[in-house]
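The values are calculated or read from the model by the stated rules, or taken from the named source; none is laboratory data. The structure displayed is predicted, hence computed values, not measured ones. Please note: Cβ atoms are built from the backbone with ideal geometry, for glycine as well, and neighbour counts cover all protein chains shown. The accessibility values were calculated without ligands, DNA or RNA, using every heavy atom of the protein model including side chains. Shrake-Rupley method; radii C 1.70, N 1.55, O 1.52, S 1.80 Å.
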Amino acid sequence: MVVDQLGPSVQARLVAQVREHWRHAPPARPHAVGGRAMHVKVSSAGRLAWWGDGKAYRYLRRQPGGAPLPPIPEFWVELWHRYTERDEPPDTALVNWYPADDPAASIGFHADRTEHDLTLPILTLNLGRARWAVRRQEGAPVSRCTLEPGAVVLLDGPTRLLEHSIERLVDYEDQLELGTAPPPAHPFVPYPSPLPNGRSRISITLRIAGDPAQALRVPGPGARITSPAEVPLSWDALESLSAEVARRFRPRS
């Protein structure tokens with residue numbers, strides 16, 4: 001699932017592009033189904049914007065406030081083609097902002113099911129450092145790791161519908177100072193965070209949401225989604241898949 005790691009110069013370029021994007025689409029705080037405000041701020045680029053209004057999760061054709069959506073930066077689209085190996089470009093980029101001043105900055109276990117075709121991949125570019133957790137389904141074993149700055153995460157094929165979460169932000173610099181930081185797990189490189197003080201996280205998530213954009217209630221009987229065939233995948237098989245990804249891993253400068 002973690003297929004690469006972008007070097008510091010590429011991360012700095014992405015952060016600059018996110019800041020420019022925010023000039024046209026300021027991040028806002030969505031609400032989970034039930035009305036609770038999430039501990040993450042989001043904005044979108046492309047043809048569709050992901051949003052949660054407390055009643056449903058849906059894709060909008062404009063920003064939540066009604067403004068037009070800015071285009072997806074060409075460099076993000078290039079990275080999409082590189083890692084998904086698909087000719088069709090993404091139609092939306094979701095930029096998540098986990099602010100350092102929110103001690104509860106996180107997002108709970110979820111599987112991305114708001115898209116029209118659930119067989120299509122989701123690519124995430126990680127900026128900052130966070131504790132990431134993955135599981136097959138509720139009640140299944142949980143795998144955790146620290147996503148280092150620049151990690152490239154691809155959910156595709158048998159991993160597409162895995163539940164995942166960001167449990168908390170990690171301040172590696174403070175851990176080093178206190179002598180409590182674990183050694184970085186292969187194959188990550190402990191690059192410095194490209195964000196101020198290393199105390200926040202940005203993720204750029206590229207996907208093909210599809211048309212028409214349908215609201216998906218949680219739970220939602222009759223939601224119009226295309227479910228892929230279930231792929232038998234034991235926990236041992238998932239570990240083997242992760243090991244294969246690690247063998248293919250090559251950091252990029």
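Amide H contacts of ARG168: ARG131, each under 5 Å away and 5 or more positions distant or on a separate chain (H built 1.01 Å from N in the peptide plane; Pro and chain starts excluded). Between the beta carbons of VAL189 and ALA16, assuming R0 = 22 Å, the FRET efficiency works out to 0.60 to the nearest 0.05. Computed from the C-beta positions of GLU78 and ARG36, the FRET efficiency with R₀ = 41 Å rounds to 0.65.
Heavy-atom accessible area, probed at 1.4 angstrom with all protein chains present, ranks GLU88, GLU115, GLU138 as GLU138, GLU88, GLU115, highest first. When the charge dipole of segment 1-149 is built from unit charges on Cβ atoms (+1 for Lys and Arg, -1 for Asp and Glu) and taken about the Cα centre, the candidate among THR114, PRO68, ALA104 whose Cα reaches farthest toward its positive end is ALA104. Taking only the Cα atoms of segment 1-115, the radius of gyration and Dmax are 14.7, 41 Å.
Charge dipole (Cα centre; +1 on Lys/Arg Cβ, -1 on Asp/Glu Cβ; no other charges) of segment 3-100 amounts to roughly 580 debye.
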